Amino acid sequence: YNSSLFRRKNRPMNASTKAYEELLIRLKNTALLASCSAVLEWDEQTYLPPEGAEHRANQLALLAGMVHEQATNPEIGNLLLELESNSSSIDDVFEQANIREARHEYDRATKLPRRLVEELSRVATLSHHAWVQARKNNRFKDFLPWLEQMIDLKREQASATGYQGKNAYDALLDEYEPGATSEMIEQAFIPLRNELVSLVSAIKNSGVTPDTSILTRKYPVEKQREFSVSAAEAIGFRFDAGRLDIAAHPFCSGIGPGDCRLTTRYDEHHFPGAFFGTLHEAGHGIYEQGLCKEHFGTPLGSSTSLGIHESQSRMWENLVGRSHAFWDYFYRPAQKLFPEALGNVDQGAFYRAINDVRPSFIRVEADEVTYNLHIMLRFELEKALISGDLKPADLEAAWNEIFFEYFGITPDTSANGCLQDVHWSAGLIGYFPTYALGNMYAAQFFIAAEKELGDLSQLIARGEFVPLKEWLNQNIHQRGKLFRANRLVEVVAGESLSHEPLIAQLQNKYSELYNL
């Protein structure tokens with residue numbers, strides 16, 4: 001990379017300037033190498049032949065070790081020390097943020113031995129393929145040996161990284177939500193859970209039961225893809241800089257500037273799965289495409305946290321995609337594409353069906369109200385697995401017991417229970433809480449956007465999604481890691497993280513739908 005790409009105009013060159021530019025070059029080159037792994041990981045989950053899993057595991061383990069070696073180069077530490085020793089002369093807040101976050105990432109990385117990094121990568125690849133097969137066969141015991149390996153490795157990672165207090169889980173959580181702790185998460189979740197339980201109870205006792213059979217009629221896969229692509233494109237995902245493919249579990253991979261890959265999965269007899277899954281991943285993709293290209297590889301060109309990332313996907317999926325206004329614009333096109341399924345269904349019945357609230361097994365297909373309870377279940381189990389209070393062999397029984405406690409139903413298969421998510425096979429322990437944080441952030445950001453843009457429902461009903469997308473670009477995406485998540489929500493929304501805006505939004509919407 002040419003250092004002139006990030007040198008401010010008319011800025012005098014001195015020792016600190018040279019150190020800063022050298023730091024950015026090293027960060028960018030490390031990110032460039034990591035993006036090569038991202039391509040292989042995407043291919044692994046989309047097109048890799050099953051027999052290629054072991055070879056791919058070795059490829060990714062080698063690359064993970066190379067990335068780790070670059071990221072932990074002592075010269076980065078020397079550059080950071082030089083910049084920190086002259087911090088009083090650095091008055092640019094963007095440079096300060098890059099140095100602060102680069103230090104955070106460097107310190108985390110240098111505590112991990114290369115051997116552990118490579119082994120985590122290798123096991124994650126093999127574990128993923130074992131999970132795909134175990135989920136397909138509904139056999140938790142086939143995945144158990146891989147889960148046991150992964151939990152051992154993640155405990156070793158937590159121990160090596162270190163953490164304050166008594167909860168090793170915090171070391172893993174910090175990877176996805178920097179600065180957050182399990183105590184902070186619990187403080188946010190407890191009042192949210194209490195309000196949700198009350199709302200779910202009120203809905204259950206309302207006597208209103210939407211006809212959800214509308215959604216399980218025949219929806220040809222090719223037509224689903226066409227409709228999903230048109231919706232993702234309408235809300236602002238650029239397909240000249242991205243693509244959509246099929247995977248066992250939907251995900252978004254921001255490989256680098258101009259290359260963002262989405263995946264979804266289709267069921268010919270379940271319309272919401274692929275459609276809302278695509279909107280969700282497109283929300284992630286819009287964030288990735290909205291990051292500053294010139295800062296690729298640096299904290300300023302990276303997303304704030306997974307909680308903020310999830311706020312974008314959940315906003316487009318739910319606050320926009322499940323709104324009445326969205327279907328004022330998209331329902332007629334849907335009827336034209338699916339005449340047999342929707343030709344005789346009025347918009348109101350369809351709207352009630354896609355916003356049906358009832359306990360269900362699958363997290364990614366859960367309604368807005370019960371969704372966060374799915375997250376709290378996983379959060380509780382993850383903490384117990386890492387602390388050792390729960391053995392991996394007992395996970396399925398514990399899952400079913402807590403699931404019944406939360407939802408009043410017991411999963412009928414392993415695939416509908418503890419095998420439904422890809423995260424644990426990939427070693428993404430500490431990720432799950434960010435979904436619920438994202439829901440809370442999304443409600444706060446949506447209110448802030450509406451204060452500036454006016455009634456968003458009117459814009460959405462006319463198919464005018466650009467104002468909201470550009471507002472998100474300017475206020476969230478392009479800021480990179482200038483602020484940590486807790487500070488960003490204060491800057492953008494004018495208040496700290498709170499469950500109250502989300503609860504207010506849900507109560508307003510579902511009181512109307514269920515005559516509460």
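The values are calculated or read from the model by the stated rules, or taken from the named source; none is laboratory data. These numbers were taken from a predicted model, which means no experiment stands behind them. Positions of Cβ are backbone-derived with ideal geometry, glycine not excepted, and every protein chain shown enters the neighbour counts. Note: areas computed on protein heavy atoms with side chains; ligands, DNA, RNA excluded. Shrake-Rupley method; radii C 1.70, N 1.55, O 1.52, S 1.80 Å.
The Cα atoms of segment 339-402 cover 54, 20, 15 Å along the three principal axes, with the biggest extent listed first. Straightening the chain between Ser457 and Ile246 buys 72.8 nm, computed as 0.36 nm per residue apart minus the Cα-Cα spacing.
With the Cα gyration tensor of segment 463-516 giving a ≥ b ≥ c as the square roots of its eigenvalues, does the rule (a/c under 1.5 for rounded; else a/b larger than b/c for prolate; else oblate) give rounded, prolate or oblate? Oblate shape, in that a/c is at least 1.5 and b/c is the bigger or equal ratio.
So what's the back-of-envelope 222 nm ellipticity for the chain, counting only DSSP H runs of four-plus at -39500 (n - 2.57) apiece and dividing by all residues, rounded to 500? Could you put the intermediate results ahead of the total?
Numbers: 21 runs with 321 residues, N = 516.
Only helices count here, giving -20500 deg cm²/dmol.
Shape descriptor for segment 44-83: Rg over Rh equals 1.31 (Cα atoms; Rh from the Kirkwood inverse mean 1/r).
Whole-Å semi-axes of segment 408-482's equivalent ellipsoid, largest first, each the root of 5 times a Cα gyration tensor eigenvalue?
Details: eigenvalues 234, 64, 25 Å².
They are 34, 18, 11 Å, listed largest first.
Annotation: the antiparallel percentage among DSSP beta bridges lying fully within the chain is about 45.
Rounded, prolate or oblate: pick one for segment 149-227, where a ≥ b ≥ c are the square roots of the eigenvalues of its C-alpha gyration tensor, a/c under 1.5 means rounded, and failing that, prolate if a/b is larger than b/c, else oblate. Write out the running numbers ahead of the final one.
On the way: a/c = 3.68, a/b = 1.65, b/c = 2.24.
Here segment 149-227 falls in the oblate category.
The spread of Cα positions in segment 214-341, taken along each principal axis and listed from longest to shortest, comes to 50, 28, 24 Å.
For segment 294-405, rounded, prolate or oblate, judged on the Cα gyration tensor with a ≥ b ≥ c (square roots of eigenvalues), a/c < 1.5 rounded, else prolate if a/b > b/c? Provide the component values of the computation, followed by the final result.
Details: a/c = 3.30, a/b = 1.40, b/c = 2.36.
Oblate, since a/c reaches 1.5 and b/c is not below a/b.
Ignoring any ligand, DNA or RNA, what whole percent of the accessible area of the chain comes from carbon and sulfur when the probe is 1.4 angstrom? Spell out each step's value before the answer.
Numbers: 10570 of 21680 Å².
Heavy-atom surface of the chain belonging to carbon and sulfur, 1.4 Å probe: 49 percent.
Here is the P(r) of segment 137-273: all C-alpha pair distances, binned every 10 Å from 0, give 9, 18, 24, 35, 13, 1 in whole percents.
Using only Cα atoms, find the angle between the long axis of helix 368-387 and the longest principal axis of the chain, and express it within 0 to 90 degrees, rounded to the nearest 10. Rounded to the nearest ten degrees, it is 50. Here the alpha carbons of the chain define both size measures, Rg and Dmax, at 22.9, 72 Å. Divide the volume of the convex hull around the Cα atoms of segment 57-124 by the residue count and you get 80 Å³ per residue. Principal semi-axes of the equivalent ellipsoid, √(5λ) from the alpha carbon gyration tensor of segment 7-99, are 37, 13, 9 Å from largest down. Projected onto its three principal axes, the C-alpha set of segment 200-270 covers 50, 28, 25 Å, listed from the longest axis down. Note on segment 239-303: Cα Rg divided by 2.2 N^0.38 Å, N the number of residues, gives 1.21. Using only side-chain charges placed at the Cβ, +1 for Lys and Arg and -1 for Asp and Glu, the dipole size of the chain relative to its Cα centre rounds to 580 debye. Taking every alpha-carbon pair under 8 Å whose residues sit at least 6 apart, the chain reaches a relative contact order of 20 percent.
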